[in-house]
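Enquirer: Please see the structure below; I have some questions.
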Amino acid sequence: MPDFPIHQKLIKGWPLWLSFFLAWLWVAACRPAPVANEQAMADKWQQHRWQVYNDTVWPTLARQVRTGDMVLRLGSDITSEMLRQMNLTDKRYSHCGIASKEGDSIFVYHAIGGEFNPDQKIKREPLFSFAHPADNKSVAIYRPRSGSGQRIADTAAAYHRRGIPFDMQFDYATEDRFYCAEYVAKTLIRGLSDSGWLQFSVQGRLRYIAVDNLFHNRLMAPIYHAQY
């Protein structure tokens, strides 16, 4: 009788296919499913991030922010990754808005398009959800050194009431549509009656306002930053 291969020697006399099948069952039973294990680790990490946000980041954010502050965030989706690459000096943030304390609540006025804002109009969103870790990885507060916070917030709210839609062409020259950095820039200029601080980014023939143009200038003072 010819000698059996090693995998068939394990169960002598059994068909080769059955030896393979039983060996596969043994291996599968002895190691955890990689997909399920990776998903469990991802869920655990997400729960940790949410706890950090709820227990530490959000209380500090709510305590530090003032009316008229600029609030920045870094989103976790591919669109945010593309937008932050438009920053030429500092790629930490992909989006921005203007904070406003109204009664017992804190809101952020910001221009956003896509699935996050189906009607495409300037959005008034609670600060808690604006920076939430379900869709974001970091948040920051920058404050105009001039101290005209209420005028800035009033300007942001006035644009919001007009229902100005998002500018998919990213054209700073238009006044009937705003992209996110354009909206904040024009709100600050009008609220402060000062445009001398603003600088544009240039790539090839494209001239635009990027998020980093709004906080890398003489106008803004850093107040708070958190990653989660």
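The values are calculated or read from the model by the stated rules, or taken from the named source; none is laboratory data. A quick note: this is a predicted structure, and the numbers were derived from the prediction, not measured. A quick note on method: Cβ atoms are made from the backbone with ideal geometry, for glycine too, and the neighbour counts reach across all protein chains shown.
Enquirer: I'd like the residue in the stretch 124-149 that is of a type in the set (A, V, I, L, M) and part of a strand (DSSP E or B) and, out of all such residues, is farthest from V52 (Cα to Cα). Talk me through it step by step, then tell me what you get.
Expert: So the first thing to find is which residues in the stretch 124-149 are of a type in the set (A, V, I, L, M), and the list is 127, 131, 134, 139-141.
From the residues that got through so far, the ones that are part of a strand (DSSP E or B) too are 139-141.
On the way: V139: 13, A140: 15, I141: 18 Å.
By that ranking, first place goes to I141.
Enquirer: Which members of the stretch 31-83 meet the condition of being charged (D, E, K, R) and in contact with an Asp or Glu (Cβ under 8 Å, 6 or more places away or on another chain)? Working first, answer last.
Expert: So the first thing to find is which residues in the stretch 31-83 are charged (D, E, K, R), and the list is 31, 38, 43-44, 49, 55, 63, 66, 69, 73, 77, 81.
Hit for the stretch 31-83 is D77, nothing else.
Enquirer: Pick from R143, R161, R177, R124: which is among the basic types (K, R) and within 22 Å of A221 (Cα to Cα)? Steps first, please.
Expert: Values: R161 fails: within 22 Å of A221 (Cα to Cα); R177 fails: within 22 Å of A221 (Cα to Cα); R124 fails: within 22 Å of A221 (Cα to Cα).
Exactly one residue qualifies, and that residue is R143.
Enquirer: Okay, next question. So is M86 buried (at least 19 other Cβ atoms within 10 Å of the Cβ) and either among the charged types (D, E, K, R) or in contact with a Pro (Cβ under 8 Å, 6 or more places away or on another chain) (or both) or not? Lay out the reasoning, then the answer.
Expert: Values: buried (at least 19 other Cβ atoms within 10 Å of the Cβ): yes; either among the charged types (D, E, K, R) or in contact with a Pro (Cβ under 8 Å, 6 or more places away or on another chain) (or both): no.
Here the answer is no, as M86 does not meet what is asked.
Enquirer: Can you name the helices (runs of 4 or more DSSP H) wholly within the stretch 1-115 that have at least 2 residues being farther than 30 Å from K186 by Cα and modelled with pLDDT of 95 or more?
Expert: 34-52
Enquirer: Name the single residue, out of those in the stretch 150-171 being assigned to a loop (DSSP other than H, G, I, E, B), of a type outside the set (F, W, Y) and surrounded by 16 or more Cβ atoms within 10 Å (Cβ to Cβ), that is nearest to the chain's Cα centre (by Cα). Talk me through it step by step, then tell me what you get.
Expert: Of the residues in the stretch 150-171, the ones assigned to a loop (DSSP other than H, G, I, E, B) are 162-164, 167-171.
Still in the list and also of a type outside the set (F, W, Y): 162-164, 167-169, 171.
Add one more test, that the residue is surrounded by 16 or more Cβ atoms within 10 Å (Cβ to Cβ), and what stays is 164, 167.
Working: I164: 22, D167: 19 Å.
Filtering first and then ranking leaves D167.
Enquirer: In the stretch 141-196, which residues are modelled with pLDDT under 95 and touching a Leu at 6+ places or on another chain (Cβ under 7 Å)?
Expert: If the condition is that a residue be modelled with pLDDT under 95 and touching a Leu at 6+ places or on another chain (Cβ under 7 Å), then R145, S146, S148 are the ones that fit.
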